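Student: Before we start, here is the structure in question, set down as structure tokens.
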Amino acid sequence: MECECSPTEIYKGTLAMKHLGWMVIAGALCAGPASADWQFTKWGMSKDQVIKASRGKASDADVADLEAHNLANKSATAQLKMPYTTGPLSFTAYFLFSLDGQLVTVELDAVGGANAQAAFDAVGGKYGMPDRSHWSTVLSSATSIPNATSRSWETGRTWYTKYDEIRAEINGAPDQLPTKVSITYIARRHKGDEGL
């Protein structure tokens, strides 16, 4: 049996199938009960509890990870990490613990640049319109070449659920595919913390 579809109808059908595929990935990426947390973890867990819940896959983070993955005010740092895969997307999951040793944040960094846009789109597909978003261009000095500068861009989105704050940030160089995406799940600290 032959299909008598126009090229436009075929293209729209292909896009619909791709959209459905990314929605399935988004569901796996962001799956969790209404009280959120992240996957097998619960906010407030200790390091040992996260290791046990991960069935030993989470291990101590490197010293470099402690500096690269922390909250802006250093109130929490990455103490554990593990590989995490959902569908075709691969990440390194970093588990950030507060100064008193409680899990407060999980940060997912896409492994390799190829998955960056797909992961960013999957989170948007799961949570819909963001509560906040930003876009910026950064001009920075290149250290290897005197008087040279490089330009990069960053786009970020933030969603608030009843229990969590979800941030997705993607960045790269102009006229190139995105090179990195970070998806961060943060425990909401106050019941009434709904923003302004």
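Student: Just give me the residues in region 160-171 being surrounded by 20 or more Cβ atoms within 10 Å (Cβ to Cβ) and within 14 Å of Asp37 (Cα to Cα), in sequence order.
Tutor: From region 160-171, those surrounded by 20 or more Cβ atoms within 10 Å (Cβ to Cβ) are 164-166, 168, 170; that's our starting set.
Matches in region 160-171: Asp164, Glu165, Ile166.
Student: Now for a separate question. Inside region 85-120, can you point out the residues that are among the polar types (S, T, N, Q), surrounded by 17 or more Cβ atoms within 10 Å (Cβ to Cβ) and farther than 17 Å from Trp38 by Cα?
Tutor: Selection gives Asn115 alone.
Student: From the list Val50, Val138, Val123, Val63, which residue is surrounded by 15 or more Cβ atoms within 10 Å (Cβ to Cβ) and at pLDDT below 90?
Tutor: Being surrounded by 15 or more Cβ atoms within 10 Å (Cβ to Cβ) and at pLDDT below 90 holds for just one of Val50, Val138, Val123, Val63, which is Val123.
The values are calculated or read from the model by the stated rules, or taken from the named source; none is laboratory data. In this text, all values refer to a predicted model and were calculated from it rather than measured experimentally. Backbone-built Cβ (ideal geometry, glycine too); neighbour counts: all protein chains shown.
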